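In what follows, a structure is listed as structure tokens, so that the remarks can point back to it.
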Amino acid sequence: MSRGLVARALATVALSCTALVGVGVVAAPSYADEVDVPPSLTAGARGESATQVYVPAGVTPTAVVGTLAVSGADGGRVEFTVEGRVVRRITTFEASGTRVTLPVRAGDAANGSITIGVRYRYPEVDRCGYLPPDIVVDLTDLALRYTGTPASPTTVGRFLGPAVTGVDVVVPDNPTDDVAEAALTAVTALASRYAAPIPVTLVRDGAAPTRTLAGHRVVVLQQGAAGAVAARLTAGTVPTLTLSGQGDDLVEAARALGVDELGLAAAAEAEELGLTEPLDATGDEGSDGSDADTSLTLADFTTAQALRLGGWGVSRAYVGLEQDRFDGPVSGFDLHLEGAHSVVRRSDVRMDVYVNNQLVSSELLDEDPDLVLDLDVPADVVNPVNGLELVLNALPECDENGYGTEVPPVVDVDTSRSTVVATRGRGETAGFALFPQVLGHRVPVAVHSLTVVDGGDQLAQAAGLLTAMQRVATEPLTVDLVDARTLVDANDSGLLVGATADDTQALQAPLRLEQVRLIDFQEATYRLGDDARYAALQVVQDHGRRLLVLGGWTPDQAALGARLTDRLVDYVDRVGWSGLDEDLLVMAADNRPFMVSTRTLLPQDERVEEARGWVWWLVAGIALLVLLVVLQLLLRSSRNRRVRDLIRAQQAEEAELEERRRLLEEADAGSEADGRP
């Protein structure tokens, strides 16, 4: 079970062992089939990488095929092993992009799986100080070839084993809310159990299975009696498990499909199948009152007790640091790495620490065997899925005879004592990359129609997006089916499928589901005419929350618009959630899907109308300001005129007084000259 959750399986309660429901056998195919399997292999210049390929019961494996890629090699060869024996060797000069077929024997799958290994052998060089190149060997896109008749499981517990190659989740044409929520819960539970490329698909009742290859399964959800949920196994072309119940009991039974404890159901029928709903992990607190989910150890991210590096040359250890393990987005990390290393008596053995391919620390090893590193990872380095890589660089010292004088160094990083303390926040992460961690493992989902309308299945579209998000999540997502209006009016982040123009208007979405045009941007030009139908998936920021909104617009022929939305969801499934960039994914009828930023959108008609009201208010405000300024100027001009008139009057009066004084002085001077007193 996942960390911090109190969920427990109830799959063994009241098992009904009295009726093994008709377990049949399908007809054997007359040709060999091939089915995709999820593991992939990555090996370096040292050691061997191995994985298990599970084989469906009843079939005979004939080969495992995969695509080989080699980087950094200059010579040498790649060896492939099956159950420890070398079955093929390929030189690196013919390796890149090669589709490799590895023959297997029937007895290799005696325990239900085949161990496949890959390793690189560099050219032998007889000299001290030679370092093997930094080689990376990848074997991906694995598939199992087989012949024979797949055996049907005989118990509920064996229905979902490790060799399952695909699952269809079947719902009625007109499901009730609880059946629809149970279906979405089943999809996320199965997607968390089976990694890509194993398909998990929601289909309607009466539809043929999407595939009939070995290991394919069908889960049927239907309304049943209140109380305990009944699980019934039947066989046919594809083995089928039917869950009947209602309400929360049916949802819990669907959630139980994602846990290994289901294997405890040892009959073809089971009752009271279910998994109690986990508590909201975001509510947990540490002993000091802090948010416990922001402080984890490396052991929470890997099953290894220690990360070991060693030997001459370059050795690496990698651990993924997924944001959603912290039950929410984070903006930075503080790393504390603790461990030990062998004593190093010279100064050319170095350990580098990278986060997302960016160097954050470099330390020389010395005679002190204790290893303690405290590192800060800033926001601009943090991604939705982060990678911590430790790299040991060691060059041997040689004597005059060409022999090494020291033993190779070894470094062990203790995962239980090394910690990762996160800082809450979104940092530089934006758009689609905020999901699923912004959801905190709980997803309110709203669809406008639970039935198929004009060929569009909104419930299946929601299931497709949930599957894509679940593939990059570290824990099962908990689905809450809610009304569309409730989600639009609420404050929760979530998923809205089948969105309308009114929805996007209410959410103030960057792209309203009406006619749309896009502007040119650096990489390309992408334009939609006023009458071009399109489908879009966008991230809407609404009062601090984030909503995924799926919808489209078409001027006519709604069925064509619905199929366009289906194609967009299929594209998301094909590229994976981590393949989405920016915050807007658009698909037009005659164009491939295109991802852009909503900042490149030109105003749409309804947004222009919405803005026009503000423009008129702005114009009126400016006019009022101009009027006030003019009045102010008029008042000031009038006041200035009165002041000037007053000054002029005062100046005239002073001039008149001065003239009188002058005349009086002249008269006095004349009287004195005439001798008059």
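Any residue in the range 132-140 that is aliphatic (A, V, I, L, M), in a strand (DSSP E or B) and under 24 Å from residue 478 (Cβ atoms)? Full working, then the answer.
Initially, the range 132-140 is screened for residues aliphatic (A, V, I, L, M), giving 135-137, 139.
Next, only the ones that are in a strand (DSSP E or B) stay: 136-137, 139.
Now drop any that are not under 24 Å from residue 478 (Cβ atoms), which leaves none.
Looking for residues that are aliphatic (A, V, I, L, M), in a strand (DSSP E or B) and under 24 Å from residue 478 (Cβ atoms), one finds none in the range 132-140, hence no.
Consider the range 342-354 and keep the residues that are touching a Pro at 6+ places or on another chain (Cβ under 9 Å) and part of a loop (DSSP other than H, G, I, E, B). The one that is surrounded by the fewest Cβ atoms within 10 Å (Cβ to Cβ) is 343. Here residue 221 meets each of (1) more than 26 Å from residue 250 (Cβ to Cβ); (2) not assigned by TED's automatic domain parsing to the domain that holds residue 92 with one exception, condition (1). Six or more apart or on different chains, Cβ atoms under 6 Å: show the pairs whose first residue is in the range 468-484 and among the charged types (D, E, K, R) and whose second is not in a helix (DSSP H, G or I). Once the first residue is among the charged types (D, E, K, R) and sits in the range 468-484, its partners that are not in a helix (DSSP H, G or I) give 471/196; 475/2; 475/441; 480/444. The single condition among (1) in contact with a helix residue (DSSP H, G or I) (Cβ under 7 Å, 6 or more places away or on another chain); (2) under 30 Å from residue 239 (Cβ atoms); (3) surrounded by 17 or more Cβ atoms within 10 Å (Cβ to Cβ); (4) modelled with pLDDT of 85 or more that residue 78 does not satisfy is (2).
Scanning the range 171-216 for residues that are closer than 21 Å to residue 497 by Cα and of a type in the set (Gly, Ala, Ser) yields 180, 182, 183, 186, 189, 191.
Please specify each residue of the range 157-202 satisfying the condition of being part of a loop (DSSP other than H, G, I, E, B) and under 13 Å from residue 462 (Cβ atoms).
If we filter the range 157-202 for residues that are part of a loop (DSSP other than H, G, I, E, B), which is where we start, we get 159-165, 172-176, 194-199.
Selection gives 175 alone.
Filtering the range 306-330 down to residues that are touching a helix residue (DSSP H, G or I) at 6+ places or on another chain (Cβ under 9 Å) and of a type in the set (A, V, I, L, M, F, W, C), which residue is surrounded by the fewest Cβ atoms within 10 Å (Cβ to Cβ)? The residue in question is 319. When residue 90 is tested against (1) more than 30 Å from residue 159 (Cα to Cα); (2) within 35 Å of the chain's Cα centre (by Cα); (3) in a strand (DSSP E or B), just one condition goes unmet, and that condition is (2).
The set of residues in the range 230-246 being buried (at least 21 other Cβ atoms within 10 Å of the Cβ) and either within 33 Å of the chain's Cα centre (by Cα) or not aliphatic (A, V, I, L, M) (or both) consists of 231, 238, 239, 241, 243, 245. With the condition kept exactly as written, say whether any residue in the range 529-552 is among the aliphatic types (A, V, I, L, M), modelled with pLDDT of 85 or more and assigned to a helix (DSSP H, G or I). No, because not a single residue in the range 529-552 is among the aliphatic types (A, V, I, L, M), modelled with pLDDT of 85 or more and assigned to a helix (DSSP H, G or I).
When each of 489, 480, 503 is tested for being surrounded by fewer than 16 Cβ atoms within 10 Å (Cβ to Cβ) and either charged (D, E, K, R) or not assigned by TED's automatic domain parsing to the domain that holds residue 320 (or both), the lone residue that passes is 489.
Each row is one residue, and each column tells you yes or no for (1) within 17 Å of residue 546 (Cβ to Cβ); (2) in a loop (DSSP other than H, G, I, E, B); (3) out of contact with any strand residue (DSSP E or B) (no Cβ under 6 Å at 6 or more places or on another chain).
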{"position": "470", "(1), (2), (3)": "no, no, yes"}
{"position": "475", "(1), (2), (3)": "no, yes, yes"}
{"position": "487", "(1), (2), (3)": "yes, no, no"}
{"position": "497", "(1), (2), (3)": "yes, no, no"}
{"position": "502", "(1), (2), (3)": "no, no, yes"}
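The values are calculated or read from the model by the stated rules, or taken from the named source; none is laboratory data. Keep in mind the model is a prediction, meaning the values are calculated, not measured. Counting neighbours? That spans all protein chains shown, and the Cβs are built from the backbone with ideal geometry, glycine included.
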